[in-house]
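The values are calculated or read from the model by the stated rules, or taken from the named source; none is laboratory data. As the structure is a prediction and not an experimental result, all values here were calculated from the model. Every residue, glycine among them, receives a Cβ derived from its backbone with ideal geometry; neighbour counts consider all protein chains shown. Ligands, DNA and RNA are excluded from the accessible area calculation, which covers all protein heavy atoms including side chains. Shrake-Rupley method; radii C 1.70, N 1.55, O 1.52, S 1.80 Å.
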Amino acid sequence: MEDILKQVQQGVLSVEEAKAKLATYENLGFAKVDHHREKRQGFPETIYGEGKSVEQIIAIITAIKAKGNAVLVTRMPKGKATEVLEQHTDLLYDEQSQIIYSERKIKPEFKMGYIAVVCAGTSDLPVAEEAAITAEAFGCEVRRFYDVGVAGIHRLFDNIEEIQQATVSIVVAGMDGALPSVVGGLVSHPVIAVPTSVGYGASFNGMAALLTMLNSCASGISVVNIDNGFGGAFSAVLIHRLAQQKEEG
(Lines give C-alpha, C1' and ligand atoms only; values in the text may rest on other atoms or scores of the structure.)
Protein backbone atom coordinates (compact mmCIF):
# COMPACT_ATOMS: atom_id res chain seq x y z
CA MET A 1 0.00 0.00 0.00
CA GLU A 2 2.84 2.38 0.87
CA ASP A 3 4.53 1.65 -2.47
CA ILE A 4 1.33 2.44 -4.36
CA LEU A 5 0.80 5.68 -2.43
CA LYS A 6 4.40 6.72 -3.09
CA GLN A 7 3.90 6.08 -6.81
CA VAL A 8 0.84 8.36 -6.73
CA GLN A 9 2.87 11.02 -4.91
CA GLN A 10 5.63 10.74 -7.50
CA GLY A 11 3.16 10.94 -10.37
CA VAL A 12 3.97 7.45 -11.60
CA LEU A 13 0.41 6.24 -10.93
CA SER A 14 -2.85 8.09 -11.39
CA VAL A 15 -5.43 8.12 -8.60
CA GLU A 16 -7.69 5.82 -10.65
CA GLU A 17 -4.86 3.36 -11.26
CA ALA A 18 -4.02 3.37 -7.56
CA LYS A 19 -7.65 2.71 -6.64
CA ALA A 20 -7.71 -0.29 -8.99
CA LYS A 21 -4.53 -1.70 -7.42
CA LEU A 22 -5.81 -1.17 -3.87
CA ALA A 23 -9.26 -2.65 -4.51
CA THR A 24 -9.82 -5.88 -2.58
CA TYR A 25 -12.55 -7.15 -4.90
CA GLU A 26 -13.89 -6.62 -8.40
CA ASN A 27 -17.62 -6.03 -8.90
CA LEU A 28 -18.88 -7.90 -11.96
CA GLY A 29 -22.50 -7.07 -11.17
CA PHE A 30 -23.57 -10.67 -10.57
CA ALA A 31 -20.46 -11.48 -8.50
CA LYS A 32 -17.83 -9.69 -6.45
CA VAL A 33 -14.54 -11.46 -7.17
CA ASP A 34 -12.34 -11.48 -4.06
CA HIS A 35 -8.87 -10.68 -5.40
CA HIS A 36 -7.61 -10.15 -1.84
CA ARG A 37 -8.29 -13.77 -0.84
CA GLU A 38 -4.76 -15.00 -1.58
CA LYS A 39 -3.19 -12.24 0.53
CA ARG A 40 -5.48 -13.09 3.45
CA GLN A 41 -5.50 -16.88 3.24
CA GLY A 42 -2.62 -17.85 0.98
CA PHE A 43 -4.83 -19.23 -1.81
CA PRO A 44 -6.94 -17.43 -4.44
CA GLU A 45 -10.73 -17.57 -4.49
CA THR A 46 -12.26 -20.86 -5.65
CA ILE A 47 -15.30 -20.80 -7.93
CA TYR A 48 -18.24 -22.98 -6.92
CA GLY A 49 -19.64 -23.90 -10.32
CA GLU A 50 -23.00 -25.36 -9.35
CA GLY A 51 -25.88 -22.97 -10.05
CA LYS A 52 -23.76 -20.53 -12.08
CA SER A 53 -24.20 -20.13 -15.82
CA VAL A 54 -21.36 -20.83 -18.24
CA GLU A 55 -21.17 -17.12 -19.07
CA GLN A 56 -20.86 -16.18 -15.40
CA ILE A 57 -18.12 -18.75 -14.80
CA ILE A 58 -16.17 -17.59 -17.87
CA ALA A 59 -16.36 -13.98 -16.68
CA ILE A 60 -15.18 -14.84 -13.15
CA ILE A 61 -12.30 -16.94 -14.51
CA THR A 62 -11.28 -14.06 -16.78
CA ALA A 63 -11.21 -11.68 -13.80
CA ILE A 64 -9.17 -14.10 -11.68
CA LYS A 65 -6.64 -14.74 -14.46
CA ALA A 66 -6.29 -11.02 -15.13
CA LYS A 67 -4.80 -10.66 -11.64
CA GLY A 68 -2.35 -13.50 -12.29
CA ASN A 69 -4.10 -15.90 -9.92
CA ALA A 70 -4.57 -19.64 -10.41
CA VAL A 71 -8.05 -20.95 -11.26
CA LEU A 72 -9.98 -23.67 -9.44
CA VAL A 73 -13.64 -24.36 -10.27
CA THR A 74 -15.56 -27.12 -8.47
CA ARG A 75 -18.85 -28.89 -9.29
CA MET A 76 -18.51 -28.57 -13.07
CA PRO A 77 -20.32 -31.27 -15.10
CA LYS A 78 -18.69 -32.17 -18.40
CA GLY A 79 -21.11 -30.23 -20.62
CA LYS A 80 -20.55 -26.92 -18.86
CA ALA A 81 -16.83 -27.58 -18.49
CA THR A 82 -16.44 -28.15 -22.24
CA GLU A 83 -17.98 -24.75 -22.98
CA VAL A 84 -15.75 -23.02 -20.44
CA LEU A 85 -12.60 -24.66 -21.81
CA GLU A 86 -13.45 -23.43 -25.31
CA GLN A 87 -12.87 -19.91 -23.96
CA HIS A 88 -10.03 -20.76 -21.54
CA THR A 89 -8.00 -23.35 -23.42
CA ASP A 90 -5.07 -23.24 -20.98
CA LEU A 91 -7.11 -24.77 -18.15
CA LEU A 92 -7.43 -28.48 -17.34
CA TYR A 93 -10.53 -30.53 -16.53
CA ASP A 94 -10.93 -33.71 -14.49
CA GLU A 95 -14.25 -35.40 -15.27
CA GLN A 96 -14.38 -37.65 -12.20
CA SER A 97 -13.98 -34.86 -9.67
CA GLN A 98 -15.72 -32.30 -11.92
CA ILE A 99 -12.97 -29.75 -11.36
CA ILE A 100 -11.48 -27.17 -13.74
CA TYR A 101 -8.06 -26.01 -12.64
CA SER A 102 -4.81 -24.30 -13.62
CA GLU A 103 -1.80 -26.50 -14.17
CA ARG A 104 0.98 -25.61 -11.77
CA LYS A 105 4.36 -25.01 -13.36
CA ILE A 106 6.25 -26.29 -10.32
CA LYS A 107 4.93 -29.24 -8.30
CA PRO A 108 4.67 -29.53 -5.43
CA GLU A 109 4.89 -26.04 -3.92
CA PHE A 110 5.40 -27.49 -0.44
CA LYS A 111 8.61 -29.51 -0.47
CA MET A 112 8.23 -31.58 2.71
CA GLY A 113 5.73 -34.32 3.45
CA TYR A 114 2.48 -35.27 1.76
CA ILE A 115 -1.25 -35.47 2.29
CA ALA A 116 -2.86 -38.92 2.32
CA VAL A 117 -6.26 -39.20 0.68
CA VAL A 118 -7.86 -42.40 1.95
CA CYS A 119 -11.06 -43.57 0.27
CA ALA A 120 -13.37 -46.34 1.47
CA GLY A 121 -14.85 -47.54 -1.83
CA THR A 122 -14.88 -46.92 -5.57
CA SER A 123 -18.28 -45.21 -5.34
CA ASP A 124 -16.66 -42.55 -3.13
CA LEU A 125 -14.02 -41.69 -5.74
CA PRO A 126 -15.62 -38.48 -7.11
CA VAL A 127 -15.46 -36.89 -3.65
CA ALA A 128 -12.00 -38.31 -2.94
CA GLU A 129 -10.70 -36.97 -6.23
CA GLU A 130 -12.23 -33.55 -5.55
CA ALA A 131 -10.15 -33.53 -2.37
CA ALA A 132 -7.00 -34.88 -4.01
CA ILE A 133 -7.01 -32.54 -7.01
CA THR A 134 -7.82 -29.54 -4.83
CA ALA A 135 -4.84 -30.29 -2.59
CA GLU A 136 -2.60 -30.76 -5.64
CA ALA A 137 -3.85 -27.51 -7.17
CA PHE A 138 -2.84 -25.77 -3.95
CA GLY A 139 0.70 -27.10 -4.31
CA CYS A 140 0.71 -30.22 -2.11
CA GLU A 141 1.98 -33.70 -2.83
CA VAL A 142 -0.91 -36.15 -2.52
CA ARG A 143 -0.75 -39.92 -2.12
CA ARG A 144 -3.94 -41.82 -2.83
CA PHE A 145 -5.09 -44.93 -0.94
CA TYR A 146 -8.34 -46.03 -2.53
CA ASP A 147 -10.82 -48.86 -1.95
CA VAL A 148 -9.53 -49.64 1.54
CA GLY A 149 -12.85 -49.59 3.43
CA VAL A 150 -13.72 -51.51 6.57
CA ALA A 151 -15.48 -54.32 4.67
CA GLY A 152 -11.99 -55.55 3.77
CA ILE A 153 -9.87 -53.89 6.40
CA HIS A 154 -6.75 -55.90 5.49
CA ARG A 155 -6.48 -53.61 2.45
CA LEU A 156 -6.03 -50.64 4.78
CA PHE A 157 -3.43 -52.45 6.87
CA ASP A 158 -1.38 -53.16 3.74
CA ASN A 159 -0.97 -49.38 3.31
CA ILE A 160 -1.06 -48.13 6.89
CA GLU A 161 2.67 -47.48 7.30
CA GLU A 162 2.71 -45.06 4.37
CA ILE A 163 -0.48 -43.40 5.58
CA GLN A 164 1.08 -42.95 9.02
CA GLN A 165 3.94 -40.94 7.51
CA ALA A 166 1.59 -38.30 6.05
CA THR A 167 1.25 -34.82 7.53
CA VAL A 168 -2.54 -35.11 7.52
CA SER A 169 -5.08 -37.60 6.14
CA ILE A 170 -8.33 -36.88 4.35
CA VAL A 171 -10.55 -39.92 4.85
CA VAL A 172 -13.58 -40.24 2.56
CA ALA A 173 -16.38 -42.75 3.23
CA GLY A 174 -20.08 -43.32 2.71
CA MET A 175 -22.35 -46.17 3.89
CA ASP A 176 -21.64 -46.51 7.64
CA GLY A 177 -18.79 -43.95 7.54
CA ALA A 178 -16.57 -46.00 9.87
CA LEU A 179 -13.24 -45.64 8.07
CA PRO A 180 -12.13 -42.29 9.63
CA SER A 181 -12.45 -43.79 13.13
CA VAL A 182 -10.25 -46.72 12.15
CA VAL A 183 -7.62 -44.49 10.55
CA GLY A 184 -7.83 -42.03 13.46
CA GLY A 185 -6.92 -44.79 15.88
CA LEU A 186 -3.83 -45.76 13.87
CA VAL A 187 -2.15 -42.44 13.04
CA SER A 188 -0.56 -39.62 15.04
CA HIS A 189 -1.58 -36.77 12.72
CA PRO A 190 -4.89 -34.93 12.15
CA VAL A 191 -7.64 -36.69 10.20
CA ILE A 192 -10.17 -34.76 8.12
CA ALA A 193 -13.27 -36.94 7.70
CA VAL A 194 -15.43 -36.45 4.61
CA PRO A 195 -18.82 -38.25 4.58
CA THR A 196 -20.32 -39.05 1.17
CA SER A 197 -23.91 -39.50 0.08
CA VAL A 198 -23.16 -43.07 -1.04
CA GLY A 199 -25.35 -45.80 0.48
CA TYR A 200 -28.77 -47.43 0.58
CA GLY A 201 -31.95 -45.85 1.97
CA ALA A 202 -31.08 -45.79 5.66
CA SER A 203 -27.86 -43.92 4.90
CA PHE A 204 -30.13 -40.89 4.33
CA ASN A 205 -27.92 -39.48 1.55
CA GLY A 206 -24.84 -39.35 3.75
CA MET A 207 -26.45 -38.32 7.03
CA ALA A 208 -25.64 -41.70 8.62
CA ALA A 209 -21.96 -41.40 7.64
CA LEU A 210 -21.87 -37.80 8.88
CA LEU A 211 -23.29 -38.73 12.29
CA THR A 212 -20.92 -41.69 12.61
CA MET A 213 -17.94 -39.42 11.96
CA LEU A 214 -19.18 -36.75 14.35
CA ASN A 215 -19.62 -39.42 17.03
CA SER A 216 -16.20 -41.01 16.47
CA CYS A 217 -14.41 -42.17 19.62
CA ALA A 218 -11.02 -41.69 17.91
CA SER A 219 -9.26 -38.46 18.84
CA GLY A 220 -8.00 -35.90 16.33
CA ILE A 221 -10.82 -36.22 13.80
CA SER A 222 -12.48 -33.17 12.27
CA VAL A 223 -15.53 -33.56 10.04
CA VAL A 224 -16.66 -31.51 7.04
CA ASN A 225 -20.01 -31.50 5.26
CA ILE A 226 -21.41 -34.33 3.13
CA ASP A 227 -19.61 -34.71 -0.23
CA ASN A 228 -17.41 -31.71 0.59
CA GLY A 229 -14.11 -32.96 -0.78
CA PHE A 230 -13.01 -29.38 -1.43
CA GLY A 231 -13.60 -28.35 2.19
CA GLY A 232 -11.72 -31.36 3.47
CA ALA A 233 -8.80 -30.59 1.20
CA PHE A 234 -8.68 -26.92 2.16
CA SER A 235 -8.44 -27.78 5.86
CA ALA A 236 -5.79 -30.40 5.15
CA VAL A 237 -3.74 -27.96 3.06
CA LEU A 238 -3.76 -25.39 5.89
CA ILE A 239 -2.48 -28.05 8.31
CA HIS A 240 0.14 -29.16 5.79
CA ARG A 241 1.30 -25.57 5.31
CA LEU A 242 1.70 -25.08 9.07
CA ALA A 243 3.76 -28.28 9.22
CA GLN A 244 6.08 -26.84 6.55
CA GLN A 245 6.62 -23.71 8.60
CA LYS A 246 7.41 -25.76 11.69
CA GLU A 247 10.00 -27.82 9.80
CA GLU A 248 11.61 -24.75 8.23
CA GLY A 249 11.69 -22.94 11.59
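What accessible area per residue comes out for segment 163-222, rounded to a whole number of Å², with a 1.4 Å probe?
43
Considering only protein heavy atoms and a 1.4 Å probe, what is the carbon-and-sulfur percentage of the accessible area of segment 144-249?
53
Could you tell me which trypsin sites (Lys or Arg not before Pro) in segment 36-73 are loop residues by DSSP with no more than 15 other beta carbons within 10 angstrom of their beta carbon?
Those that pass, being in a loop and sparsely packed, are LYS67.
Which value in deg cm²/dmol, rounded to the nearest 500, describes the helix-derived mean residue ellipticity at 222 nm for the chain, given -39,500 (n - 2.57) per DSSP H run of n ≥ 4 and division by the residue count?
Calculated at 222 nm, the ellipticity per residue is -11500 deg cm²/dmol.
Which value, in debye to the nearest 20, describes the size of the charge dipole of the chain about its Cα centre when Lys and Arg Cβ atoms bear +1, Asp and Glu Cβ atoms bear -1, and nothing else is charged?
480
Name the residue farthest towards the positive end of the dipole of the chain from the options VAL118, LEU179, LEU238, assuming +1 on Cβ of Lys and Arg, -1 on Cβ of Asp and Glu, about the Cα centre.
Highest projection toward the positive end goes to LEU238.
If I ignore ligands, DNA and RNA and count only protein heavy atoms, how much of SER197 is accessible to a 1.4 Å probe, in Å² to the nearest 10?
Its accessible surface works out to 50 Å², give or take rounding.
With an 8 Å cut-off on Cα pairs and a minimum separation of 6 or more residues, tell me the relative contact order of segment 111-196 in percent.
It rounds to 34 percent for segment 111-196.
With the contact rule set at Cα under 8 Å and sequence spacing of 6 or more, what percent relative contact order holds for the chain?
13
Longest span of the chain, sites excluded, free of chymotrypsin sites (Phe, Trp or Tyr not before Pro) in DSSP loop with at most 13 other C-beta atoms within 10 Å?
It works out to 31-199.
If you restrict to DSSP beta bridges whose two residues both lie in segment 93-249, what percentage is antiparallel, to the nearest 5?
Counting only bridges with both partners in segment 93-249, antiparallel ones make up about 10 percent.
At 0.36 nm per residue, minus the direct Cα-Cα distance, what do LEU242 and ASN27 gain on full extension? Give it in nm, one decimal, please.
Extending this stretch completely gives an extra 74.1 nm.
Can you compute the FRET efficiency between VAL15 and TYR48 using 1/(1 + (r/R0)^6), with r the Cβ-Cβ distance and R0 = 35 Å? Round to the nearest 0.05.
The formula returns an efficiency of 0.50 here.
Whole number in Å², please: accessible area per residue of segment 46-103, 1.4 Å probe, ligands, DNA and RNA not counted.
49
Identify the residues of segment 109-148 with backbone N under 13 Å of a label point that sits 7 angstrom from the Cα of ASP158 along the Cα-to-Cβ direction, or state none.
Counting backbone N atoms under 13 Å from the label point, the list is 145-148.
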